[in-house]
Amino acid sequence: MKKWHYAFIVFLGGCCYGILSTFVKLAYTAGFSVAEVTGAQYLFGALITWVLILFTKKHKITRVQASKLLLSGIPFGLTGIFYYQSLQTLNASLAIILLFQFVWIGTLFEKIIYKKNPTLEKVVSILILLIGSILAAGITLEGGGNIAGQGIGWGLLSAFTFSTFIFLSGSVGKNTPPLLKSGLLSTGGLVVVFVVFPPVYLVDLPTLIGVTPYGLLLGLFGAVLPPLLYSIGMPRTGPGLGTILAASELPVAVSMSALVLGEHVSMSQWIGVVLILGGIGVSNIRLSKAKVLVEY
């Protein structure tokens, strides 16, 4: 595959995350707690992934490699915990803005660890993405919703752990088959979630049955597909460009809230969505130039 193919795969991974907020809101409305929703997501996500692995060609992996991938799943699990905690005290638009800070944090990681300066295209795209995210989330100068210090802390932590996860998914276990890598990452995330939120609901049959439909959807789009797609695409795009491509999350979240939840989306929010897509496009200018030069 060409590099822009891998960029599109990472873009799809971000789209999967954008679906989550809608189903989380539906689960909260149904009366389920953050512990039950988060636990169900990672439990069913890990189960689905390992079932798929059983039907694929077996690959050997060393204990050291497996341990590294399991540990890399820690920020994956923490992201879900922190983000869903922030949604308990902040409105969804502000929580998304805070999570969205992963866009520039990822580029900062690339600068600190790889000593790689961001290109002009990347800097411009980040600025466009941040402006677009503010518009798309519906934050205005007249009021940004209920602001709680604790919620802001959880939101910023989710941005940091999500950036860490994206970085690790592109740098750890590069030679490991993507599905197996996804399974180990999901398992690492599951262990962290169960440590923070002991799964007492597993012995409560009515709760388990009720949360299962949400767990399956959240598991598929939040714990199966993103790590799988990132495992395929991130090693080729790099963490800097990868975090920008993952910004596809917010346009999808806004669209889903309008189509599924019936929430009103203002014109300024749709302008923000267009800006985000434009920012992602700007980040891929270099990829397009490189593609043309190679074909020429």
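The table that follows gives values for the structure above.
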{"quantity": "Search result, residues across segment 207-226 that are in contact (Cβ under 8 Å) with a residue 24 or more places away in the chain and either among the aliphatic types (A, V, I, L, M) or within 14 Å of G73 (Cα to Cα) (or both)", "calculated": "V211, L216, L217, L218, L220, G222, A223, V224, L225, P226"}
{"quantity": "Selection within segment 61-104 - in contact (Cβ under 8 Å) with a residue 60 or more places away in the chain, in a loop (DSSP other than H, G, I, E, B) and more than 22 Å from the chain's Cα centre (by Cα)", "calculated": "I61"}
{"quantity": "When residues of segment 28-60 are limited to those that are among the polar types (S, T, N, Q) and outside any helix (DSSP H, G or I), the one farthest from V196 (Cα to Cα)", "calculated": "T56"}
{"quantity": "Residue count, segment 114-126 (criterion: without any contact (Cβ under 8 Å) to a residue 40 or more places away in the chain and aliphatic (A, V, I, L, M))", "calculated": "2"}
{"quantity": "Residue among S231, S248 that alone is surrounded by fewer than 24 Cβ atoms within 10 Å (Cβ to Cβ), outside any loop (DSSP other than H, G, I, E, B) and modelled with pLDDT under 90", "calculated": "S248"}
{"quantity": "Filter result (within 29 Å of E263 (Cα to Cα), touching a Phe, Trp or Tyr at 6+ places or on another chain (Cβ under 9 Å) and at pLDDT 75 or above) within segment 88-126", "calculated": "Q88, T89, L98, L99, Q101, F102, I126"}
{"quantity": "Residue in segment 175-187 that is among the charged types (D, E, K, R) and in contact (Cβ under 8 Å) with a residue 12 or more places away in the chain present", "calculated": "yes"}
{"quantity": "Scope segment 1-27; condition part of a helix (DSSP H, G or I) and more than 17 Å from the chain's Cα centre (by Cα); matching residues", "calculated": "K3, W4, H5, L26, A27"}
{"quantity": "Residue in segment 18-36 that is farther than 24 Å from T212 by Cα and of a type outside the set (S, T, Y) present", "calculated": "no"}
{"quantity": "Identity of the residue in segment 192-210, aliphatic (A, V, I, L, M) and over 14 Å from L47 (Cβ atoms), that ends up modelled with the lowest pLDDT", "calculated": "V203"}
{"quantity": "Selection from segment 165-176 of residues that are within 17 Å of T187 (Cα to Cα) and of a type outside the set (A, V, I, L, M, F, W, C)", "calculated": "S169, G173, T176"}
{"quantity": "Subset of segment 105-127 [hydroxyl-bearing (S, T, Y) and outside any loop (DSSP other than H, G, I, E, B)]", "calculated": "T107, Y114, S125"}
{"quantity": "Filter result (surrounded by 19 or more Cβ atoms within 10 Å (Cβ to Cβ) and either aromatic (F, W, Y) or free of Cβ contacts under 8 Å to residues at least 12 places away in the same chain (or both)) within segment 30-57", "calculated": "F32, Y42, F44"}
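The values are calculated or read from the model by the stated rules, or taken from the named source; none is laboratory data. Just so you know, these numbers come straight off a predicted model, no measurement behind them. Positions of Cβ are generated from backbone atoms using ideal geometry, with glycine treated the same way; all protein chains shown enter the neighbour counts.
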